[in-house]
Structure formats: structure tokens, C-alpha cells
């Protein structure tokens, strides 16, 4: 029986009260852990988004967005300027056009719908609008409207057309060389079905016969209704030699993206609109950053709450045991021994609270982090478990519940990095120290003469 | 040998200074059983507190075996209390969540006895004051008042103190039990040659001690 074991024994002296203190502490420590986990996983997510953000820069003619807006295409001189900019490792250029029934014998696979009709309402009003833009080539002058059109994209790199930036999926045939000027094409899956086109067959566009080299599929209805041809082919067919409607430049390293954007802005001036993926990524994570700082505030708040709980509990305990402290001092106990005993008591409560709190934190932080940052991974796992619950009845639901806990656990443990763990332990220690320091001061001031006081 | 010279203690209160003790001088020989009697508020407890180094006198000296305890540092006073003084209180003042045995062992710990020897010594002390082995493992709340006072006497004697200070040791006990406790203290003072100073109301008890000091308004009157 020494001072340490007395302290531990005292902590368990009144089970109901100790239980209440431990529970309150556990809740605040659980909150600290889950907030730390939320913060670290949010930060990890921010880093992930930033590091995975491509180094691509998209340069489009000023005022043009898709097929909307107005302005002049980028010229070959401007493309050359872009290509020669330092730190740009590669570029791909595209020129897009829309083919109506006079341009091609292809039947569009997209119906016009409300959106398409609205886009074309001006062109249907007569020839006055087309005559005012007489600078355009004669092919475009007398388009009957409104009819749905087929989008054709001339590109130096067919893969750049894919929806997600990875390589284009060719379902049959083979891809085309974007650098050539041959009359070949890739046809979107929907358009190919609509026109019964297969590899090797031909169709007419801009008065020429084009061979189908391959069929592609992107899963995007708009893109699967289009045609891809080499850039030079489209430039020749539409008599826009050297012109492009969009350039995608790849920068050699993420660190150089900002400087490249700045130098492009200088060289191209107001002729082009420049958008970098890194900029888009930074914009998209700004809300995550505010969640991270919110989580930090949560950590501080729960740490303060924990410290106050243990502080008040220890003050209450010390006041209540004034006489006992006086007795210990009277029979020769030193201040240090009495303080050590009470600090041990506070530490015991904090440690028990921490163990329960960390357990609570593990259970809580998964769902909490999910609700703060919904990630694809979790969505799929939850839909999986709910599916099982419906299918297999109660047993499957229970196993689904366990899966959920174990998935939370693995998710949390994966985010409980040594740094997070160290800060959780550090904060807990801080709580115990603050929680004992003030009571220790009270203890030191209690006079041994207290024992002679009769109540 | 305990020599008290010109001892004073003044408390500051809202209504001005209050002299709890006013120039008390007395001498008690080693092994003597002395009693201090006086009415409530006469300064009995204050004197006892000063003799036990629980409090510091405003003026005067307390010499115990040639050392003035009033001039010791706080740490030395704690050591003095641990080794030279044993306290017996009216309310027993045992630590409620420790067993009788552990209460005595606690005093031995403060007295500096090695851990391995404490248990045997505590058991011996408790047996000497008449606490049975099964009662030694009980907590104070499961002991009678007389038994608790016996445990507190065993605790007071744990470190073979020079002086045992008893504050109304029989005050909370019925007269028969009180007499037994008094006899126990008396026997110990004889067998161990321990100086015992008891504060009491009970004139019967005071009459049986070697010497009686009477306090009134902070002064010794007889």
C-alpha cells in the first residue's frame, strides 16, 4: 500500500460518482479523438485532391465555352506560342464543329429536345442573321433549322476527348492518328448504332467520304453521339486551316502550373481564357479546409471541456476531503505525498475516461467523418450493407452492422496516424495536469490544524 | 522533557485580534500523563495544536528534548509530527476507505519504516490495543466507536513517539468504553514511557492523571 495505490483506490471509492466523471470525460475524449480523426482525414483528402489534381491547363478562345458564346478561334501563331512556353511538356489541340444535314449524311443520335430547340431559335428566324455574318464560309450560310446536329471534334490527341481525361475506350476497330490529315474517323457508340455504322464503313461529311476507323464509348451520351477526326482533317474540311478552338497544355510539374498560367496570360493577353486544373482543385477543397478548421475548434473545445470536468471534479473531491487531507498531514504526510495521491487519483479517472473515450471515438469518428466528408468508398460500402440487410433478414443485418463497425474501425485506424495518436495522448495529459494543478494548490494550503476543528 | 515558555497565539478575526493563548508556560517530564482541562474556547485545542506542530505560535517557544519546534521549517515540522508525535482525536479521524490495518500502516509509511516490515508491526500494534485479526481488515465504518479509538491509538503509537497528544479521546464514547480507553492510554504511558497530554472535559479522567493544567481565557490558572 503506497501513495500510488491509495490514489488509484480513492479514484474508485465512490463508483457512482467516479462513473459519472469518467463518462463525462470519456465523451469529451471521444470527441477529441473523433475531431482529430476528422481533421486528419479531411486534411489527407485535401492533400489527395491537390496532389491528384492534374497539371493540365486548358486554353480556349476568349468568350467561347463549348458551342456557346462568341469570339475568334486561336490561330496557329498563338498555338505555337503556347507550345513554346517554358515548362509545357506537351499540348493537344482541338477544333470542334457541328454538322447539319447539309454537311453530312449521318443522322444525329441526339434528339433536339427543349434545350437544343432553344439554342437554335435565333437561326430559325430567317436569313437576315446569317447574311450579317457573311464572313463565314458559305457552307454555314444557309443551314435549315432547327434540326439536331452532329458534333465533330478534330483533335491531335483522340484520348483528350474522353470524359475523365484517361484514354478513350475503343469498343471495336482501332484509334486514329491525330497528327495525320487522312479522311478517317472514330464514331461514338450511339451515333454508330443510329446509322448502323461498323468499322470499315464510310459516311459523307463536308462533301468528302470518311472511313470509320473505330467505335468508341465514353458512357457520356453527348460524347457518344459525336465524331472524332484528326485535327488537320477538320481544319481542311471546314476551311479553318491552323485554327483551333481549344488547347490543353500539360505542365511538367505541379509547382510550375501557376507560373505557366501567368506567362500564358502575358503572351496571349485577352485573346484567351485560361483555366488550370490545380486552380479548380484548390477552389473545390476550400470548403474542406473550413471543415478542417472547424474540427480543430472542436478538438480545442472538447479538450477545454475535459479539463474543466476533471478540474471541477478534483476541486469537489479535495474540498470534500479537507479533513482527511488534514489528518494525513497531521500524522506526518508531506504535501508532496498528498498531492501525488490526488494527482494519481485524477490520472486514474483520466486514464479510465480515455480508454472508454477512445473506444467511443472509434465507434463515432467513422460516421462523423463520413458526414463531414462523404467519400465514394464509404458510399459504396454502406449501400452494400443495406443491400444485404434487405436480402438476408436479421442475421445479415447484424453482420452488416458488424461490417459497418469493422469498416469504421479500419477507416479510423487508418487515419489514426502516430501524429494524431500523439496529439490525443498529449491533450489527455494536458487535461490531467490542468485538472490536478489547481486542486494541488488547494491541497498545499490546507492546514493540518484542520483536524482540531470540531464540526 | 517538554518545556513551554511564554507561548502565545493570536488569531485575526473580523472583530479584531483574539488571543487564544496568552503567555502559557509549563513543563512536562518524559513519561508523565498530563491532562489539560478548561471550558470550550479556553484555548485547550489551540495549545494542543501548537504542541503537535499543527500550527505556528505567534510568540514563545516549545522545546521538545532540546529542540525548539516552533522555529522548525515546514518540512522539519512534518517530520517532527511523523516521528515524535502521535495524535488521538475525539472523532478518531481514521481514513475512511482504508482498513484498520492500512490506517496504522499509513502512519508507519510516514514514519519511514520499510514497506516489508510495516504489516507485521501494524498487526502487533492492533493486537496490543485489543483489535482482533478479523477486525483489523475492516474499514472504520464497520468498527464501533471504541474500536475506532483503539485503532487510532495504535496509529498514534506506530512510530514510538515521544509525546502522544489526545484531544478529548473519550469525548465520543460511553463512560464504560471511555474508561477502558483511558486505562489503555494510562497503561501505555507506563509501559512505553511515553509522555501523554490529554485535553478533556471529564474531571474523573483528569483526576487520575499525574498532573492537571487548567486553562482559562488562554492562561494557565492551576
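The values are calculated or read from the model by the stated rules, or taken from the named source; none is laboratory data. Nothing here was measured: the structure is a model prediction, and the numbers come from that model. Methodologically, a virtual Cβ is constructed for each residue, glycine included, from the backbone with ideal geometry; neighbour enumeration extends over all protein chains shown.
Annotations for the structure displayed:
- Taking the criterion of being touching a helix residue (DSSP H, G or I) at 6+ places or on another chain (Cβ under 7 Å) and away from chain A (no Cβ under 13 Å), the residues of region B:111-127 that qualify are B:121, B:123, B:125, B:126.
- Of all positions in region B:213-220, none carries a residue that is crowded, with 21+ Cβ neighbours inside 10 Å and over 20 Å from residue B:42 (Cα atoms).
- Of all residues in region A:212-255, those satisfying the criterion of being under 26 Å from residue A:105 (Cβ atoms), out of contact with any helix residue (DSSP H, G or I) (no Cβ under 7 Å at 6 or more places or on another chain) and surrounded by fewer than 20 Cβ atoms within 10 Å (Cβ to Cβ) are A:220, A:222, A:232, A:236, A:239, A:240.
- Test: residue B:101 is crowded, with 22+ Cβ neighbours inside 10 Å and at the interface with chain A (Cβ under 8 Å from one of its Cβ atoms): no
- Residue list for region B:111-136, filter: in contact (Cβ under 8 Å) with a residue 40 or more places away in the chain and either touching a strand residue (DSSP E or B) at 6+ places or on another chain (Cβ under 9 Å) or buried (at least 16 other Cβ atoms within 10 Å of the Cβ) (or both): B:111, B:113, B:129
- Verdict on residue B:153 being at pLDDT below 95, at the interface with chain A (Cβ under 10 Å from one of its Cβ atoms) and under 30 Å from residue B:2 (Cα atoms): no
Results for (1) in a strand (DSSP E or B); (2) under 18 Å from residue A:267 (Cα atoms), shown as yes or no for each residue.
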position	(1), (2)
A:72	no, yes
A:78	no, yes
A:86	no, yes
A:89	yes, yes
A:94	yes, no
A:98	yes, no
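- At least 2 residues being over 30 Å from residue B:117 (Cβ atoms) is the threshold, and among the strands (runs of 3 or more DSSP E) wholly inside region B:144-222 those reaching it are B:195-200, B:211-216.
- Exactly one residue out of B:94, B:108 is more than 24 Å from residue B:193 (Cα to Cα), within 11 Å of another protein chain (Cβ to nearest Cβ) and either modelled with pLDDT of 90 or more or assigned to a helix (DSSP H, G or I) (or both), and it is B:94.
- Qualifying position, being surrounded by fewer than 21 Cβ atoms within 10 Å (Cβ to Cβ), more than 30 Å from the chain's Cα centre (by Cα), free of Cβ contacts under 8 Å to residues at least 40 places away in the same chain and outside the structural domain of residue A:340 (by TED's automatic domain parsing), among A:71, A:66: A:71
- Of the strands (runs of 3 or more DSSP E) contained entirely in region B:1-73, those carrying at least 3 residues that are within 18 Å of residue B:167 (Cα to Cα) and either within 14 Å of another protein chain (Cβ to nearest Cβ) or touching a residue at least 60 places away in the same chain (Cβ under 8 Å) (or both) fall at B:16-28, B:33-37.
- Top-ranked residue in region A:196-206 [being free of Cβ contacts under 8 Å to residues at least 12 places away in the same chain and not in a strand (DSSP E or B); ranked as surrounded by the most Cβ atoms within 10 Å (Cβ to Cβ)]: A:201
- When restricted to residues that are surrounded by 19 or more Cβ atoms within 10 Å (Cβ to Cβ) and farther than 20 Å from residue A:261 by Cβ, region A:74-95 contains 1.
- Residues satisfying the criterion are absent from region A:172-187 (criterion: over 30 Å from residue A:87 (Cα atoms), touching a residue at least 60 places away in the same chain (Cβ under 8 Å) and part of a loop (DSSP other than H, G, I, E, B)).
- From the options A:265, A:329, residue that is outside the structural domain of residue A:62 (by TED's automatic domain parsing), in contact (Cβ under 8 Å) with a residue 60 or more places away in the chain and either more than 30 Å from the chain's Cα centre (by Cα) or in a helix (DSSP H, G or I) (or both): A:329
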